[in-house]
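Report on the structure given below.
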């Protein structure tokens, strides 16, 4: 009994440590997307076989289809984990324009972002989401159980993040999506191309580097790493290996590196050694493929990059000058002109895109960008933008649109784009390039997903790609008639363009992505490139004699050129690592023979479903007070609630609390109630006495966060107002000495910020501004006087070298009465450890930060070091009375590093700061340490 008691105590302690390490301390936090839809969305629901599908009314047909699909395929998806049933809500989101999907706990649900991307697998997008995300549901159920336990979800979720590497979750899901369908990313050469390229170039990156990424090199990515390792496990140890691993982790949770230890038990190698074994196998297979596949070396027309750099979609706009969309580890995406001598002329930066895209003709550049709703971030748009080379003017052509992959005709008089409406219907539309008006909608009679259209030279013909569960097809539209060039295929067809009277396109007929050409009349296909690793994005040269294209290399997408000459299509030598897993599953395409039952659909009322309790979790606040909280988050992210207790160890008393946040309306309303112990001191008859009491404290706040983006700029605005009420309960002897009530002190805040998009290697924004005004007063309590006005500012400037940042911050406050000792502005480094000589009035803070090195160093299983960053600072306080510009209060230097500890996914920011203090304070140098983490 005693041993069992100790084991239970150890288990609880371990899980408590995990939960405190891996989840946010905020009462209202959610690990995944917590944004809202506008109130105008009308929701419905379908319940079947343990699934509750919640969806906007426009998706009625898609929801009915998914209800049939999910119920039918789940037993096959979960079969190799020895599961057949589950229970989970699935929310279909249709207001966004970025494709995505995920499964989470706390609360348990899955979100499908239904708008299909412009380049993905050769199958229906929602089917693709369903098979992949349902595998995640099965993975979670394997460890947590199908039936919900009494409120453990947040602890389970934290444990899953600590116990199982993300590459296994995603790799196993990709393996299933590939094994159970005719498509799947495991069949795409372009998807594993970076991994293959690095190995065939002799770059044997460490396990941590390929898992966690790099600030200088292109690495495999944890999806690709996971798929290839899981495929090798399935090949060696059979269909049940994932079941065995997850079952063992569930049975023996209290271990350091539980996944690695379970892997060693079943596969004979820990994670790193099995990675090295897999790498050796991959390299051998890919070398054989390279020997059997004819390839050419192409000269790069861009500069040789020292670190990962992409020159997407090269287009020759005049002889010897190439327009391209450039993105590197140290630069954000922007348009660049490359001259014959490889020199570069920067044009301008752009916003986020659904995928890299541009189209050029007749002096006009056209592209699409994502625009996000100012308040309801679940809603976004894809708009068309143009740039006129003659006038050098940018223009947003469409607003609140859902238009993708715009292509302009050679004469500049037409733009064709893909429009996807809220019911997920795809159509081609012709857009006026002068005012953005839709001139024509071309019917999509096949009701398939449409991708990447292009116009011929006079705008009379359109070519595009269609996608359905049958595969991808190449189409031609002429005189209002749609003609299929060749039937559906699982080839990764993409970005067709006209080459005079023929069409060029991407495919992987040889097992490597290359560019091909098809004759529209006789359907004969020839190869135009023979890249070793992959070629993409063809465009016709200025004189029409050759094509420019992207040639993938070790450092990314380079620009190459070749004459338009027919080449032999070599035999497909693609190495399909998922072959054994597909044979083991032996299902064929799980999307064959899906039922068409009509399910009963009911209204889904968000307000009636506001409470959704899921977790009782340990918490710790800023004062190291421990407690437990019961948490509720609704499935649409509109209402969050918590209630719980905290133990004040210094007072040896318990606090009771509850709170909510309501986020459906334009303002966000939050309220927190605390019944808490307090302590105070008073002097009576020259004796200092201690007073203890309890108080009810109610805190109320309304806030309005707004933000917009345009090109590479983001702007945000925040207005908030808050108040509180405090009611105290004293012993009789102290009741006359302290105020019983504090009646509704008010706080007001307003802030504005602007920033430009940052690059991966930036230590801070290169150009940004932020200002905030705060005001506090007590208008409803005549016995308390005083107010406080505060101003805070922060300005970022480019440093002397790329990715360096110089920051200046000026802050001041004026206070009086009972608020005279409050501090509401940024302070100097070391402030809390320096004795004050006067009341804080203002601060002026200068910081210079810069990258030092990007070592990508793996220190065994202890840490993976991504980078080292340095900083210098000089801080001033109460300028004019206490310090001046030649005499800062504190100054010094800092060293920081981003690392992954113990091979866990969160990026930890470790730092040390040496603070020198002005000599008038008689203070020794101060050494401070910093620790932050992010997912």
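Summary table
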quantity: Some residue of segment 804-820 being touching a helix residue (DSSP H, G or I) at 6+ places or on another chain (Cβ under 9 Å) and within 30 Å of residue 783 (Cα to Cα); calculated: no
quantity: Single unsatisfied condition, residue 566 versus (1) surrounded by fewer than 21 Cβ atoms within 10 Å (Cβ to Cβ); (2) within 19 Å of residue 511 (Cα to Cα); (3) in contact (Cβ under 8 Å) with a residue 60 or more places away in the chain; calculated: (3)
quantity: Only listed residue being part of a strand (DSSP E or B) and crowded, with 17+ Cβ neighbours inside 10 Å, chosen from 898, 861; calculated: 898
quantity: Subset of segment 470-506 [in contact with a helix residue (DSSP H, G or I) (Cβ under 9 Å, 6 or more places away or on another chain) and surrounded by fewer than 19 Cβ atoms within 10 Å (Cβ to Cβ)]; calculated: 490
quantity: Extreme residue, nearest to the chain's Cα centre (by Cα), among residues of segment 826-838 that are touching a residue at least 24 places away in the same chain (Cβ under 8 Å), over 23 Å from residue 764 (Cβ atoms) and outside any helix (DSSP H, G or I); calculated: 834
quantity: Check on residue 529, closer than 21 Å to residue 409 by Cβ, crowded, with 22+ Cβ neighbours inside 10 Å, modelled with pLDDT of 95 or more and in the same structural domain as residue 440 (by TED's automatic domain parsing); calculated: no
quantity: Residues of segment 839-853 classified as crowded, with 19+ Cβ neighbours inside 10 Å, more than 13 Å from residue 808 (Cβ to Cβ) and touching a residue at least 40 places away in the same chain (Cβ under 8 Å), total; calculated: 1
quantity: Residue within segment 868-880 that is in a loop (DSSP other than H, G, I, E, B) and out of contact with any strand residue (DSSP E or B) (no Cβ under 7 Å at 6 or more places or on another chain) present; calculated: yes
quantity: Subset of segment 809-825 that is within 40 Å of the chain's Cα centre (by Cα) and crowded, with 18+ Cβ neighbours inside 10 Å - its residue that is farthest from residue 785 (Cα to Cα); calculated: 809
quantity: Check on residue 451, under 33 Å from the mean Cα position of the chain (by Cα), in a loop (DSSP other than H, G, I, E, B), surrounded by 19 or more Cβ atoms within 10 Å (Cβ to Cβ) and not assigned by TED's automatic domain parsing to the domain that holds residue 195; calculated: no
quantity: Given (1) modelled with pLDDT of 95 or more; (2) farther than 29 Å from residue 194 by Cα, number of the condition residue 494 does not satisfy; calculated: (2)
quantity: Some residue of segment 731-754 being part of a strand (DSSP E or B) and under 30 Å from residue 213 (Cα atoms); calculated: yes
quantity: Leading residue by the ranking (farthest from residue 639 (Cα to Cα)) among those in segment 661-711 that are within 32 Å of the chain's Cα centre (by Cα) and not in a strand (DSSP E or B); calculated: 711
quantity: Count of segment 406-427 residues which are crowded, with 19+ Cβ neighbours inside 10 Å and within 15 Å of residue 383 (Cα to Cα); calculated: 9
quantity: Test for residue 107: is it closer than 21 Å to residue 490 by Cα, in contact (Cβ under 8 Å) with a residue 60 or more places away in the chain and either surrounded by fewer than 23 Cβ atoms within 10 Å (Cβ to Cβ) or touching a helix residue (DSSP H, G or I) at 6+ places or on another chain (Cβ under 8 Å) (or both); calculated: no
quantity: Strands (runs of 3 or more DSSP E) lying entirely in segment 267-376 (those with 3 or more residues that are in contact with a strand residue (DSSP E or B) (Cβ under 7 Å, 6 or more places away or on another chain) and farther than 21 Å from residue 404 by Cα); calculated: 309-318, 321-328, 334-338, 344-349
quantity: Residue list for segment 901-935, restricted to those being on the phi < 0 side of the Ramachandran plot and out of contact with any strand residue (DSSP E or B) (no Cβ under 8 Å at 6 or more places or on another chain); calculated: 904, 905, 919, 920, 921
quantity: Filter pass, residue 436 being assigned by TED's automatic domain parsing to the domain that holds residue 544, surrounded by 17 or more Cβ atoms within 10 Å (Cβ to Cβ), in a loop (DSSP other than H, G, I, E, B) and more than 36 Å from the chain's Cα centre (by Cα); calculated: no
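Table: residues versus (1) within 24 Å of residue 839 (Cβ to Cβ); (2) touching a helix residue (DSSP H, G or I) at 6+ places or on another chain (Cβ under 9 Å); (3) crowded, with 17+ Cβ neighbours inside 10 Å.
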residue	(1), (2), (3)
870	no, no, no
877	yes, yes, yes
910	no, no, yes
914	no, no, no
918	yes, no, yes
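Residue-by-condition table, conditions (1) out of contact with any strand residue (DSSP E or B) (no Cβ under 9 Å at 6 or more places or on another chain); (2) over 25 Å from residue 317 (Cα atoms); (3) modelled with pLDDT of 95 or more:
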{"site": "549", "(1), (2), (3)": "no, no, yes"}
{"site": "556", "(1), (2), (3)": "no, no, yes"}
{"site": "560", "(1), (2), (3)": "no, no, yes"}
{"site": "571", "(1), (2), (3)": "yes, yes, no"}
{"site": "578", "(1), (2), (3)": "yes, yes, yes"}
{"site": "582", "(1), (2), (3)": "yes, yes, yes"}
{"site": "586", "(1), (2), (3)": "yes, yes, yes"}
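The values are calculated or read from the model by the stated rules, or taken from the named source; none is laboratory data. Remember, it's a predicted structure, so these values are computed and weren't measured experimentally. When we count neighbours, we look across all protein chains shown, and the Cβ atoms used for this are built from the backbone with ideal geometry, even at glycine.
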